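A short write-up of the structure that comes next.
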């Protein structure tokens with residue numbers, strides 16, 4: 001949308017001027033596995049796609065568009081804060097004014113229904129009576145469909161249609177139609193009391209009596225308590241447990257975990273690197289499964305194994321890098337008619353769905369090996385492991401897009417990851433298979449050594465790219481090479497010397513730009529360096545890199561893909577699942 005078009009859009013009235021996007025570090029996430037809600041500091045639900053992660057958005061304010069659900073103090077001056085309740089994605093927005101303290105408890109109801117999102121909001125007057133403004137203005141189809149067939153029922157609930165979706169809202173019997181669209185009301189709560197709001201958004205007609213807020217809250221609390229384990233035995237236990245909750249909240253009942261809850265939040269303003277991450281990447285799924293395995297036998301491990309094995313058995317050597325959570329292909333990129341988050345024209349879909357990424361087969365084998373170590377790999381999963389190993393045998397010489405999804409080349413990281421996966425799974429395989437897979441790993445290492453060993457003794461990115469890459473520290477951690485191999489140590493030192501600054505790590509040098517100008521620090525790489533330093537026995541520096549990387553968050557503790565060190569801001573889609581996964585794994589391994 002042009003600036004002029006956006007101005008006309010606001011002038012027509014849709015509340016976009018009241019709740020513009022703000023810095024990413026202030027947003028929290030609600031999730032139930034099937035979809036997510038991004039919550040801002042002014043009490044706005046700024047992003048929600050329904051019924052599923054990759055459905056059209058009902059709330060689009062995060063991208064400057066229409067569609068909002070806000071609970072905000074009426075007092076003009078307030079200070080914001082907030083926190084997650086331990087062991088789940090139940091969020092508490094908190095506001096302090098000159099005369100009161102008020103909180104709004106927020107969650108997506110669990111256990112989740114794939115067809116119906118239930119958004120719970122409980123206004124609590126913590127200190128002094130409060131009055132809150134409540135605004136509900138869903139706009140299905142990224143803002144194209146307003147509420148229609150709006151009706152207030154005798155019990156005080158509201159029902160409506162919103163595009164193809166059915167909407168029911170309880171707890172706002174006095175609401176009236178707002179000037180900018182939707183429904184608006186003011187809720188007064190006495191000191192120590194609370195007031196519940198329940199919003200249902202469904203693909204199916206909502207029949208029967210509205211669900212009880214108390215019943216929904218109790219079921220949600222119980223579901224999180226049963227889902228998120230204690231993470232004692234990790235460093236930074238609170239952050240590790242919260243990382244697990246994030247991964248669980250982004251994992252569907254199909255076993256698929258979305259890479260992030262959002263789309264097209266920029267890695268760098270006006271750089272054109274705006275991507276849709278509301279899909280399940282094989283690599284990210286394997287990272288999450290290995291992190292869960294570090295804790296022990298775990299349902300998240302089982303979910304990852306199940307989803308990845310099904311994709312391998314269906315697609316074999318034609319395995320795609322990413323799928324929808326239902327296991328289907330990702331739609332191609334297309335632009336949205338929205339202003340977008342500042343600095344980023346909005347897109348949905350992702351071209352990665354058409355790429356070949358060789359390392360995904362190696363990551364799958366690492367995942368299966370982690371599951372086998374806990375005796376959680378059955379017959380079909382072993383067949384999937386054989387498919388992955390055979391694909392590596394047949395396709396290891398093919399150029400691929402690599403972990404960073406760039407031009408097709410013979411990336412060293414892809415091949416070394418495959419070698420690591422073959423070595424890991426061979427330790428659990430029958431003798432004949434184990435020998436074949438170990439020999440193939442040796443051959444891959446030798447081929448990579450012949451093409452991708454820099455004259456200095458470290459690994460370089462590709463035969464025609466001599467640069468060092470921080471991703472190359474991970475394959476030795478996964479077992480591709482011994483810790484004391486000279487190539488392992490030389491690569492780690494090259495990353496520390498050339499790609500790190502203030503204990504933050506960058507992927508690789510972008511052209512000849514100084515670190516931090518080409519892109520932000522890559523948090524996955526920071527945790528990977530921590531693991532590599534631990535492998536070398538340098539525990540003090542390993543903990544320093546871990547602490548630095550986990551500090552790159554805002555008040556909700558969520559981590560994005562990149563971190564702008566100079567401005568101390570999050571960059572890219574939020575939250576980034578594989579960053580939370582490697583945080584969890586690193587926290588466990590450092591404690592061990």
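Values in this text are rule-based calculations from the coordinates and carry no lab data. No experiment lies behind these values; they were computed from the predicted model shown. Every residue, glycine among them, receives a Cβ derived from its backbone with ideal geometry; neighbour counts consider all protein chains shown.
If you average the alpha carbon positions of region 500-533 and of region 120-172, how far apart do those two centres end up, in angstrom?
44
Okay, which of region 564-592 sit inside 11 Å, backbone N to the point 7 Å along the Cα-Cβ direction of residue 539?
Counting backbone N atoms under 11 Å from the label point, the list is 590-592.
Going by how many other Cβ atoms sit within 10 Å of their own, how do 396, 278 line up, fewest first?
Working: 396 21, 278 27.
The fewest-first ordering by Cβ neighbours comes to 396, 278.
Length gain on complete extension for the stretch residue 222 to residue 174, per 0.36 nm per residue less the alpha carbon to alpha carbon distance?
Working: separation 48, 0.36 × 48 = 17.28 nm, distance 3.17 nm.
In short, 14.1 nm is gained.
If you line up the long axis of helix 412-426 against the longest principal axis of the chain, both from Cα atoms, how many degrees apart are they, to the nearest 10?
Approximately 80 degrees, to the nearest ten.
FRET efficiency for residue 26 and residue 313, Cβ-Cβ distance as r, R0 = 35 Å, nearest 0.05?
Values: r = 43 Å, r/R0 = 1.22.
About 0.25, to the nearest 0.05.
Just need log10 I(q)/I(0) for region 221-350 at q = 0.19 Å⁻¹, Debye formula, equal scatterers on the alpha-carbon atoms, no solvent, rounded to two decimals.
Calculated log10 I(q)/I(0) at the listed q: -1.05.
Could the peptides 175-181, 143-149, 340-346, 241-247 be put in order, highest first, of the mean number of other beta-carbon atoms found within 10 Å of their residues? Walk me through the numbers before you get to the answer.
Values: 175-181: 15.1, 143-149: 17.1, 340-346: 19.7, 241-247: 27.0.
My ranking of the peptides, most packed first, is 241-247, 340-346, 143-149, 175-181.
Based on the Kirkwood radius over alpha-carbon pairs, what value in µm²/s does the Stokes-Einstein equation return for the translational diffusion coefficient of region 525-568 at 20 °C and 1.002 mPa s? Could the numbers behind the result be given before it?
Values: Rh = 11.1 Å.
D = 194 µm²/s.
Using alpha-carbon positions, what is the distance between the centroids of region 373-449 and region 242-257, in Å?
26
May I ask you to order 27-38, 289-300 by the average number of other C-beta atoms within 10 Å around their residues, highest value first?
On the way: 27-38: 25.9, 289-300: 22.0.
Order by mean packing, descending: 27-38, 289-300.
Apply 1/(1 + (r/R0)^6) to the Cβ-Cβ distance of residue 194 and residue 17, taking R0 = 25 Å, and write down the FRET efficiency to the nearest 0.05.
Numbers: r = 30 Å, r/R0 = 1.22.
That gives a FRET efficiency of 0.25.
Any chance you could run the full-extension gain for residue 186 through residue 433? It's 0.36 nm times the residue separation minus the Cα-Cα distance, nm to one decimal. Don't skip to the end; give the middle numbers.
On the way: separation 247, 0.36 × 247 = 88.92 nm, distance 6.79 nm.
This chain segment gains 82.1 nm when fully extended.
How far apart, in nm, are two points set 7 Å out from the Cα along the Cα-to-Cβ line at residue 484 and at residue 334?
Label at residue 484, label at residue 334, 5.9 nm between them.
For region 118-176, what number results from the quotient of the Cα radius of gyration and 2.2 N^0.38 Å?
On the way: Rg = 13.6 Å, N = 59, 2.2 N^0.38 = 10.4 Å.
The reported ratio for this selection is 1.31.
Grab the Cα-Cα distance for residue 209 and residue 127, subtract it from 0.36 nm times how many residues apart they are, and report the gain in nm with one decimal. Write out the running numbers ahead of the final one.
Values: separation 82, 0.36 × 82 = 29.52 nm, distance 3.32 nm.
Length gained between residue 209 and residue 127: 26.2 nm.
How long are the three semi-axes of the equivalent ellipsoid of the chain, in whole Å, if each is the root of 5 times an eigenvalue of the C-alpha gyration tensor, listed from largest down?
Details: eigenvalues 374, 116, 103 Å².
Largest first, the chain gives 43, 24, 23 Å.
As an exercise, use a Förster radius of 45 Å and the Cβ-Cβ distance of residue 149 and residue 386 to find the FRET efficiency, rounded to the nearest 0.05. All intermediate terms of the calculation are to be shown ahead of the outcome.
Working: r = 54 Å, r/R0 = 1.21.
The formula returns an efficiency of 0.25 here.
Per-residue counts of other Cβ atoms within 10 Å, averaged by peptide: what ranking do you get for 509-520, 193-204, highest first? Write down the numbers at each step before the final one.
On the way: 509-520: 14.3, 193-204: 18.5.
So the order, starting with the most tightly packed, is 193-204, 509-520.
Treat the count of other C-beta atoms within 10 Å as a stand-in for reagent exposure and order 431, 94, 458 from fewest to most.
Working: 431 8, 94 18, 458 22.
Starting with the residue having the fewest Cβ neighbours, the order is 431, 94, 458.
Please identify which residues in region 280-296 have an amide N closer than 19 Å to a label point set 7 Å out from the Cα of residue 375, following the Cα→Cβ vector.
Under 19 Å, as judged by backbone N against the label point of residue 375, lie 293-296 of region 280-296.
Among 257, 48, which comes first, then next, by fewest other beta-carbon atoms within 10 Å?
On the way: 257 30, 48 26.
Exposure proxy ranking, most exposed first: 48, 257.
Got the relative contact order for the chain handy, in percent, Cα pairs under 8 Å and 6 or more residues apart?
Working: 1425 pairs, mean separation 75.5, N = 592.
Dividing the mean separation by the residue count of the chain yields 13 percent.
Find the Rg to Rh ratio for region 3-217, where Rh is the Kirkwood radius over alpha-carbon pairs and Rg uses the same atoms. Mind showing how you got there, number by number?
Details: Rg = 16.1 Å, Rh = 17.2 Å.
Rg divided by Rh gives 0.93.
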